[in-house]
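First comes the structure, then the notes that go with it.
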């Protein structure tokens with residue numbers, strides 16, 4: 001230890017003789033541009049209270065504030081503006097940086113932060129999303145730490161959301177601060193000029209920063225109140241440390257449901273399993289299905305093994321396209337086993353093994369639907385085992401589950417934008433009456449209603465003039481050129497107990513996910529939906545699903561070919 005460090009240590013002990021290990025140091029770094037303007041001696045802006053540090057920040061608008069448990073780490077930061085690795089700091093990430101820049105956004109007022117906190121408590125996800133993308137300072141403070149929404153207890157947004165059992169809000173907060181685009185929006189930079197990913201650091205700080213009262217992280221909050229869904233969200237992030245002690249040296253596993261009024265042993269057991277290492281079972285696909293999809297080995301966020309699959313530069317690159325979990329390791333192994341070897345149908349006497357293969361629903365789905373067959377099997381298995389499920393949809397550019405409220409909300413928003421697009425919409429020419437249903441083929445769309453009316457009127461006029469033979473020939477020629485064909489009969493309407501009122505729906509613009517006619521993608525999304533779609537909650541999904549049902553009723557073999565499927569099945573035996 002050099003002479004200056006000895007002097008600093010002695011000065012600290014003389015000035016603050018009662019310092020304990022629980023003391024926090026609020027260090028303010030003043031940029032050199034301010035120091036060069038004054039001749040005053042070097043001053044260590046280190047304070048035992050937040051208010052004193054904030055006053056300094058008000059005087060130096062580009063000053064930086066950080067909190068330390070070690071005085072000498074605080075001194076290093078005040079001198080250099082960089083943090084040094086410390087054993088007392090919650091994150092294990094290295095913190096070497098080359099440049100720090102202040103945000104281009106104004107810090108919210110106290111009243112605005114209080115209003116923002118109420119939005120989080122109420123679970124108003126849309127308003128919270130709008131607020132933080134207008135001003136990132138609602139989530140990131142001037143010191144590049146989580147913004148404090150409750151000064152006394154020093155709660156950040158994740159503390160508030162976890163304390164009020166808002167799992168979707170927790171996921172949104174963590175995904176937002178972990179989004180590089182959000183960090184670029186905050187700093188106003190096209191590139192991040194640090195050796196580390198600031199989004200990763202911010203996620204770590206949100207997950208592992210304790211409150212001031214009991215020194216508890218958001219995970220402590222969720223565990224002690226028995227908020228299983230919040231626990232599941234928090235532990236799904238690799239930065240979440242599950243072994244941080246609180247003020248009384250209690251780990252999260254030690255306080256499961258300790259603040260819950262009613263005893264629930266099943267809930268305790270489920271949360272205890274979540275606090276173990278979590279594993280996921282993935283579907284791995286190559287771009288363009290260059291090779292058959294496979295069910296990957298179980299992996300955990302702390303020890304991912306998927307990256308090792310893409311070491312060969314010649315082989316097609318595979319990526320995760322769906323996953324089930326989180327689960328314990330034993331559950332994940334069993335889940336993968338069921339997924340890879342689904343049960344087969346029981347053959348009747350004299351039918352042999354071929355019958356059991358053909359009547360295996362899981363195997364049939366895989367061969368029938370090469371795009372989503374494996375996912376469909378996993379989706380059903382996840383629902384049966386009550387395991388969370390998500391799969392990637394390119395048109396949404398996100399992993400979602402269309403059987404959850406979150407997934408349905410994203411699909412509803414996408415379809416709403418499709419229907420409200422400024423491009424011309426194709427209108428259906430199907431007309432219904434109370435007594436009969438008339439079907440008009442798609443190739444009749446070349447003839448407008450006005451053209452048909454004019455032709456009929458001309459025909460009537462010629463009949464009155466006695467020139468029927470000549471004009472009928474002309475009409476036939478015109479209709480042949482327009483390729484107008486009348487179908488032999490109209491299809492029956494689809495009957496569904498859950499959607500009886502669809503038959504009486506008014507006709508409007510026909511719009512599907514990728515165009516004006518259904519594709520395999522529409523069929524895949526249709527199969528991924530939950531059985532009940534309420535028109536009041538999801539009107540655009542309800543409308544799209546109605547059109548899909550009609551299209552499938554008219555052409556039931558458009559997306560399936562059982563003869564081809566059976567050929568594939570027998571060819572493999």
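The values are calculated or read from the model by the stated rules, or taken from the named source; none is laboratory data. Keep in mind it's a predicted model, so treat the numbers as computed, not measured. So basically every Cβ, Gly included, is an ideal-geometry build from the backbone, and we count neighbours across all protein chains shown.
Residue selection: residue 138 satisfies the criterion of being surrounded by 20 or more Cβ atoms within 10 Å (Cβ to Cβ) and without any contact (Cβ under 8 Å) to a residue 40 or more places away in the chain. On the stretch given as the stretch 118-135, residues that are free of Cβ contacts under 8 Å to residues at least 40 places away in the same chain, over 27 Å from residue 52 (Cα atoms) and surrounded by 17 or more Cβ atoms within 10 Å (Cβ to Cβ) total 2.
Counting only helices (runs of 4 or more DSSP H) that sit completely within the stretch 482-573, those holding 2 or more residues that are at pLDDT 75 or above correspond to 520-528, 539-554. With respect to the conditions (1) in contact with a helix residue (DSSP H, G or I) (Cβ under 6 Å, 6 or more places away or on another chain); (2) outside any loop (DSSP other than H, G, I, E, B); (3) under 23 Å from residue 139 (Cα atoms), residue 223 falls short on a single one, namely (3). The residue list 56, 28 contains one member that is at pLDDT 55 or above and assigned to a helix (DSSP H, G or I), which is 56. Residue 210: at pLDDT 90 or above and either surrounded by fewer than 24 Cβ atoms within 10 Å (Cβ to Cβ) or touching a strand residue (DSSP E or B) at 6+ places or on another chain (Cβ under 6 Å) (or both), yes or no? Yes: the conditions hold for residue 210. Condition check: crowded, with 20+ Cβ neighbours inside 10 Å, touching a residue at least 12 places away in the same chain (Cβ under 8 Å) and assigned to a loop (DSSP other than H, G, I, E, B). Does residue 144 satisfy that? Considered against the rule, which asks whether it is crowded, with 20+ Cβ neighbours inside 10 Å, touching a residue at least 12 places away in the same chain (Cβ under 8 Å) and assigned to a loop (DSSP other than H, G, I, E, B), residue 144 comes out as yes.
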